[in-house]
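K.L.:
Take a look at this one; I'll ask things after.
What follows draws every value from the coordinates through simple rules; no lab data is involved. Source: prediction; values computed, not measured.
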Amino acid sequence: MTTKWTIDSNQSDALIKIRHSIIAYLAGTKNKFDGFLDIKNNELENASITFDLDINNKDTKLEQVDSHLKLNDLFDTKAHPIISFKSTSFQKVNKNINFIKGNLTVKNITKVVELDAELLGIETYNGSTKATFEITGNINRKDFGLTLNPHNHSGGLALGQDIKLVANLEFSA
């Protein structure tokens, strides 16, 4: 039996990190997460995931750890407030590990990226069945025109080359 699941946007969120600093935590209630997955006999069969993250939304829980690195300086949030992802393919590796390929758009630049999707579990709570995933990927920030490169006190680079995206997605049956 195959069940179609949909993303619960209110229970999903994303984290954007560079090197060891959290740049922003974007709660799902103010962002758009959409998509589905099919699970047959507790095995993933197919998935389609899209999300739009509004990094300029003042209502989100933004945590800017490094006061020298402003979110606007890196992402130009006034001109390009939305980070979007739309999956184009889904590849199952084993029971819990999957690869999702898709188009990521940052600052109006769209590139194909590959993300890892780990099924964390399927649980029933208060009569509702939920499936939880963690989607992770490293994205070369310069591919998207994110070229801000401040230096730290010792003259080294303060920012790493990659941005780490972590999305926690909860699906409901």
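K.L.:
Which entries in 78/101; 130/164; 92/142; 32/130; 4/111; 17/95 show an alpha-carbon gap greater than 20 Å? Show your work: numbers first, answer last.
P.N.:
Working: 78/101 28 Å; 130/164 25 Å; 92/142 29 Å; 32/130 18 Å; 4/111 28 Å; 17/95 28 Å.
Cα-Cα > 20 Å for 78/101; 130/164; 92/142; 4/111; 17/95; rest within.
K.L.:
Under the Karplus relation 6.51 cos²θ - 1.76 cosθ + 1.60, θ = phi - 60°, what is the ordered set of whole-Hz ³J(HN,Hα) values for region 132-140, x standing for Gly and Pro?
P.N.:
Rounded to whole hertz, the list is 10, 10, 10, 10, 10, x, 9, 10, 5.
K.L.:
Provide the convex hull volume over Cα atoms per residue for region 79-119, in Å³. Walk me through the numbers before you get to the answer.
P.N.:
Working: hull volume 2.2 nm³, N = 41.
Convex hull of Cα atoms, per residue: 55 Å³.
K.L.:
Now, a different point. In whole Hz, with x marking every Gly and Pro, tabulate ³J(HN,Hα) for region 79-95 from phi via Karplus 6.51 cos²θ - 1.76 cosθ + 1.60, θ = phi - 60°.
P.N.:
Each residue of region 79-95 in turn: 7, 9, x, 10, 9, 10, 9, 9, 5, 10, 7, 9, 10, 7, 9, 8, 3 Hz.
K.L.:
Can you give me the long-range amide H partners of residue 12? Hydrogens built in the peptide plane at 1.01 Å from N, cutoff under 5 Å, separation of 5 or more residues or another chain.
P.N.:
28, 170
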